[in-house]
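The values are calculated or read from the model by the stated rules, or taken from the named source; none is laboratory data. Since the structure is predicted, the reported quantities are computational estimates derived from the model, not experimental observations. Don't worry about glycine lacking a Cβ; one is built from the backbone with ideal geometry, like all the others, and counts go over all protein chains shown.
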């Protein structure tokens, strides 16, 4: 089956959505779903055995003929883009309706189509110049979606920070593609591993794509952008958009000769991102900001797996490298599925209560049982617990790290340390999502915002159900997706042998996962029947001696995570405001704590302030007095003359 017609249909449908989206919401939804299905069919066709698709157009853009290519790597990411963008479009019809958002909803539909189209072109572009054009369209359209509701100051600041960080990364990519074209004599992209002179360029790719992926410490834009964007946009940004950075890392680490230092850096920064990302997530009280930092952790897992695969390939340790690569690629799908599910769930909570502060929520499982159940499912998946999908990909990464550590090769020591760090991140992820689920859905409602909460409608619930089913399917049937992962790994082009047949342990894992799932269903059903059989009395929880306990006495975010957060005070640097009780009958006391974005506020902020002060000082020299300008020119000429004279003496 030739995937070309499906792919061209998807691109045409998205282009039509850009034009018709603002005026015809129902038609736009139909066009978006058509594009998603066409893109999904094209990508799955390649992953399941169809030949790679390549197309050269007769039109030119920037003096270069349009050149598109769909292979195993781009098809893997296109599946994720097609799935999440289609479900997000459906979710947005209820979450961001025209009746409540008459000015922003039409704009949102148009920019959604532009973002989806530009990300699709990034995946298909086989020309460096056109890749950059699609990349810039991607960055700009995401900015307009993040700031869709620009009435809040925090939203505007998040949008501008995202745009500044994106353009900083794009400047690095301009240098990368420009030098690549200058050294090869062409803008065409493809395998170039036989040109060792290009190895140093991979460092530029790591920085440029690392900014978009949100690898620590290049993640500064990510928490505020994902937290302040509309929730369907947050799902697309976290589930897919940051994967465009991962796509760039995967693509060019396979096409270019990879220096060992770059592989070490990718593995090291990936492991650091995994731990520090989830540490910051645990310390958050904003539900969406918590999910955003969790994306930093999962991007770190993928980067660590990819870096380990590069190191294993360089050391001729194919077995461990293949497992690391397969785990990293599978985690691209897994993270996209459960993170989109969690952001949709957070959007349902925000839609029902008007707040995303977990300290103002609680007890929502009674009013929102579907959302609570699906959010719990996503939490189990993101924590890497069996029998769901997050466990499978993390398990493959662990196997690859253990194999590399046992080989006693160059990567043995780093692989063992990375395994320990990832295990630490996994334990912290479990604590983080126990906290999030418990504070939002269990206990009693802490504020009036929870009293009028209601379950979301079918258009919001349907995408969450589909993503929940996807998490279950990927967890219970890992052998079913192995051919797709193997095809993507074979198209990677790195220094590893083709992944080939699935490891025997994967088949055993699939069976164990299914047995565990059946056992969980049976035990859960028995517990549900016992609780609802009417044979149990209900009463208040232990009140610690208080005669009239209130909802305010429940644990809050800071108290839940206080002990673990204390271990990482050196990086969290929390800002505390404390007023102790005073007098015999204290009327007011409080303890407020805010965890800043340490890299942005404690490192980049002060450095930027120095540059601003220096710029303001220099601006004073521009005062409009001609005599002083002549003096500046004379002083400059004297300085140049002194340099020339000193140089002639040498």
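A few notes on this one:
- Looking at the range 99-214, the helices (runs of 4 or more DSSP H) lying wholly inside it that each contain 2 or more residues that are free of Cβ contacts under 8 Å to residues at least 12 places away in the same chain sit at 153-184.
- Residue among 456, 471 that alone is closer than 22 Å to residue 84 by Cα, in contact with a helix residue (DSSP H, G or I) (Cβ under 7 Å, 6 or more places away or on another chain) and assigned to a loop (DSSP other than H, G, I, E, B): 456
- Filter result for the condition that a residue is modelled with pLDDT under 90, part of a helix (DSSP H, G or I) and farther than 25 Å from residue 511 by Cα, over 400, 413, 409: 413
- Residue 245 meets the conditions (1) over 30 Å from residue 576 (Cα atoms); (2) in the same structural domain as residue 364 (by TED's automatic domain parsing) in every case but one. The failed one is (2).
- Filtered residue count, the range 362-390, keeping only those that are within 18 Å of residue 508 (Cα to Cα) and within 18 Å of the chain's Cα centre (by Cα): 3
- Selection from the range 580-598 of residues that are surrounded by 10 or more Cβ atoms within 10 Å (Cβ to Cβ) and either free of Cβ contacts under 8 Å to residues at least 12 places away in the same chain or at positive phi (or both): 581, 582, 586, 589
- All conditions but one from (1) in a helix (DSSP H, G or I); (2) in contact (Cβ under 8 Å) with a residue 24 or more places away in the chain; (3) over 25 Å from residue 597 (Cβ atoms) apply to residue 373; the one that does not is (2).
- Here residue 366 qualifies as surrounded by fewer than 24 Cβ atoms within 10 Å (Cβ to Cβ) and farther than 23 Å from residue 268 by Cβ.
- Residue among 109, 93 that alone is in the same structural domain as residue 240 (by TED's automatic domain parsing) and either crowded, with 22+ Cβ neighbours inside 10 Å or within 18 Å of the chain's Cα centre (by Cα) (or both): 109
- Residue selected from the range 437-448 under the condition in contact with a helix residue (DSSP H, G or I) (Cβ under 6 Å, 6 or more places away or on another chain) and assigned to a helix (DSSP H, G or I), by the criterion nearest to residue 342 (Cα to Cα): 437
- Inside the range 1-54, residues that are at pLDDT 85 or above, in a helix (DSSP H, G or I) and more than 24 Å from residue 145 (Cβ to Cβ) make up a count of 6.
- Inspection of the range 442-451 finds a residue satisfying the criterion of being closer than 30 Å to residue 515 by Cα, assigned by TED's automatic domain parsing to the domain that holds residue 518 and out of contact with any strand residue (DSSP E or B) (no Cβ under 8 Å at 6 or more places or on another chain).
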